[in-house]
Structures are given as structure tokens and as C-alpha cells.
1. 5 Å is the cut-off here: which amide hydrogens, built 1.01 Å from N in the peptide plane, fall below it relative to T262, excluding neighbours closer than 5 in sequence?
2. Any idea what the relative contact order of region 114-181 is, in percent, if you count C-alpha pairs under 8 Å spaced at least 6 apart?
3. Give, in nm to one decimal, the length gained when the segment between K278 and R114 is fully stretched (0.36 nm per residue of separation minus the Cα-Cα distance).
4. Ranked from highest to lowest mean number of other Cβ atoms within 10 Å per residue, what is the order of the peptides 270-277, 106-113, 42-49, 232-239?
5. Please compute the length gained on full extension between Q60 and K249, using 0.36 nm multiplied by the number of residues separating them and subtracting their Cα-Cα distance.
6. Pull out the extension gain between E271 and S152, defined as 0.36 nm times the separation in residues minus the alpha carbon to alpha carbon distance; nm, one decimal.
7. For region 99-142, what log10 I(q)/I(0) values come out of the Debye formula at q = 0.15, 0.18, 0.25 1/Å, with one point per alpha carbon and no solvent?
8. Report, in listed order, any pair from K42/K175; K160/K250; K104/K250; K129/K256; K249/K278; K249/K269 with a Cα-Cα distance greater than 25 Å.
Amino acid sequence: MAKRIIIPLFLIALLLTGCSTSRNALRNTVIGGLSGTEYMEKVIEWTPQRENLTARTRVQLNMGSESSSVSVNANMRIRRGELIRLSVAPVLGIEVARMDITPKGVLVIDRMNRRYVEIGFAEVADIMKVEVDFNALQSLFLNEIFLPGRESLTVEDAVKFDLSEQDGRAHLQVKDSRSQMKDSRSQAKAARRMNYSFFTSAMDGRLEETVISLKDLPYALHCRYTDFTMVGSDVFPQSIELTPEGTQKKYSLGLKLSRIGTDSGWDAKSEVPAKYRKMTVQEVIQLIIKN
């Protein structure tokens, strides 16, 4: 049981981490009856800027086969710019494990075995050899388009995307992600170039899919959003599925959301009890291999 809690949370963390001429090009593109410029500006303008998001979540992690599939109930809490949290509480609402992603890194607490794993984004970037951007991870959970290294977008950012129509959807491609990253020198030096693109509804601009890929390599992460429902005055997906592309096995992470809200009355801090043992990343990797 212990492995089936801490290992999935750690795998989730790794899975997640991993123009004037342009304005004329946008004007010559028509999406949903709007010029490219008008469409892009509307998509950015209509993107909700939720400060908090809460939901009851069914987490389904498929590690390549039906026998290795893990499913747990969790509470998801997000506070913009501060925290992404998954709290596993399968029995009587008692938390048995927690994963916090903050701008500094990832913390996974295994309360059943009184141990924890803590890793900074610089170390994640060194292991995965990819850029790590908290704002990008946050946007994946909040169903938002984004520019890497940026906390928010304005309508003036419309020209930083290439826009085209594909299969009845609008395809938004970030033009130059490298120049917009604000990572440390060591991380930027170690990281491979990333491409970022988004597929939105041509009719109402809702974000239906985000794709983050490695430049010149056959690896990508697809994040698909379906089953939209009203949350306040905006829509939000009740189903989020992340699937990597280019791996030998077909991994996937599915989130089924319910009781979605924007409550802010919760504590974003996590304290690790003094008696808990800190696990090394190497120990967790060995657990994954043995599993």
C-alpha cells in the first residue's frame, strides 16, 4: 500500500515536469468569423484568472499496463503563484499522502510510513534535462494558455503566438519559448528547448488541449480537457488527461474532477514532522524500478 501511494505521487511530479509582421499574419487568418488578431485577443481576454481552485479528484495513473494501474481519491487545491496540491485521503477523509508543487520545487509526504521526498526544480531539470516552469504546470491544471516564464498574459501578447486552423480547431503556437524563459543559468544551460502549442475551440475559444514537446525530438506531453461545466460565470473541464508521446509504454494520468470551487479558506503551508525520514531521489527511483 505504501508503494502505491508515494510512487504514484512521485511519478505524477515527474510526468508533469517534464512582431509587426506577425500581426499582419494574424490579420490574414480567420477563426470562427474573427480575424486572427481579434480571435487571439478574445481568447486571452476571456481566459479566467482564478486565484484559487478546489476540487474532489479521482486520480488514475496508468504506468503502461492494466496490472500497474493505480487509482486514488484526492483533494486538489491550487493557489495561483503559490501552490498546486494533491492530498490523498481515501479513508474517512484522513490524509495519508500529500504532494505539493510550489515555485521552488516538489514535496511529497508519505504519512503512513513517516517519510518524505523534497526536490527543487533545479534538480528536476538536471535529472529530466528539460525546462521546469511552475507557471506552466499551474496553467495545465487551470486550463489556461500561457507563455513560458510569464505569470499572466495581456492582449498585447497575442502577437507572440502563431495562429492557424487545424481540423476545425484553432492552433496556437508559441513563437520563441527560449527567449521568454526566466530560469537560472544552470537550469537553462542543462535544459533542452521546448515547444508549446494549444488547441482551442474555433467557436468559443475554450482551451481543449495543450501540447509541450521537446524541440527536434519525438517526445511530447499532451494535456486534454473534456466534459466542461460551469464554475462561477466560466466553464471548467471535469476531465483532464495527460499522456506522454514517444515513450515505449503508454503512460497516462487522468483526473476526474467533482465539487469544483474557488474557495480560498484553506492553508497553503505544509510542515514535515521532525520525526519523518527524508528519502533521496535515488531511493524513490529504486522503489519505482522494483515495483
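Laboratory data are not the source of any read-out in this text; all were calculated from the coordinates shown. Only a predicted model underlies this, so the values are computations on that prediction, with no experimental measurement involved. Note that we place each Cβ from the backbone using ideal geometry, even for glycine, and neighbour counts take in every protein chain shown.
1. Correct list: T54.
2. 21 percent
3. Computed gain between K278 and R114 is 58.1 nm.
4. Answer by packing, highest mean first, reads 106-113, 42-49, 232-239, 270-277.
5. That works out to 66.4 nm of additional length.
6. Stretched out fully, the E271 to S152 stretch lengthens by 39.9 nm.
7. Values returned for q = 0.15, 0.18, 0.25 Å⁻¹ are -0.42, -0.58, -0.90.
8. Exceeds cut-off: K160/K250; K104/K250; K129/K256; K249/K278; K249/K269.
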